[in-house]
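Colleague: Structure in structure tokens, see below.
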Amino acid sequence: MTIRLLNTSVITSFGSYTYQPLTLCGLKRTLEHAVPVNRTEYTQQTGEKAIVFKLKSRIPAGVVLSRQEIEEIGFEFGL
């Protein structure tokens, strides 16, 4: 099964969704059989799962954050 990684909790098409917190252990279990990553435009289809990486604060457009800056801002995962 393909699992998408999204950088925000955005609805990409009409439908009903569930969005639940995902712990680090849950994230690791979900990604155990992950495949190589590629960056593409995405529209979610019925039955697909997506992992959401969400920063706890909005950053200015075009800014690239270091790992330390990401940790200082804070983040969470959802499924």
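The values are calculated or read from the model by the stated rules, or taken from the named source; none is laboratory data. Source: prediction; values computed, not measured. Here the Cβ positions follow ideal geometry from the backbone for every residue, glycine too, while neighbour counts run over all protein chains shown. Note: accessible area is taken over every heavy atom of the protein model, side chains too, but ligands, DNA and RNA are not part of it. Shrake-Rupley method; radii C 1.70, N 1.55, O 1.52, S 1.80 Å.
Colleague: Keeping the other protein chains in place, figure out the carbon and sulfur percent of the accessible area of the chain, with a 1.4 Å probe.
Modeller: 54
Colleague: Next question, about the same structure. I'd like the antiparallel share, as a percent to the nearest 5, of DSSP beta bridges with both residues in the chain.
Modeller: On the way: 6 of 10 bridges.
Approximately 60 percent, going by the DSSP bridge assignments.
Colleague: Take each of the peptides 8-19, 48-59, average the number of other beta-carbon atoms within 10 Å over its residues, and list them starting from the highest. Before the final figure, lay out each step's value.
Modeller: Values: 8-19: 9.5, 48-59: 13.4.
Ranked from most to least packed, the peptides come out as 48-59, 8-19.
Colleague: Now a separate question. Could you tell me the relative contact order of the chain? Use alpha-carbon pairs under 8 Å, at least six residues apart, and round to a whole percent. The partial results should precede the final answer.
Modeller: Details: 77 pairs, mean separation 38.4, N = 79.
Computed over the chain, the figure is 49 percent.
Colleague: Taking the alpha-carbon set of segment 1-58, what are its Rg and Dmax in Å?
Modeller: Every Cα atom of segment 1-58 included, Rg and Dmax give 11.8, 31 Å.
Colleague: Could you work out how much longer the chain between residue 77 and residue 40 gets when fully extended? Use 0.36 nm per residue separation minus the Cα distance between them, nm to one decimal.
Modeller: Details: separation 37, 0.36 × 37 = 13.32 nm, distance 2.00 nm.
This chain segment gains 11.3 nm when fully extended.
Colleague: Leaving out ligands and nucleic acids, note down the accessible area per residue over segment 2-79 with a 1.4 angstrom probe, in whole Å².
Modeller: Values: 6690 Å² over 78 residues.
I get 86 Å² per residue for this part.
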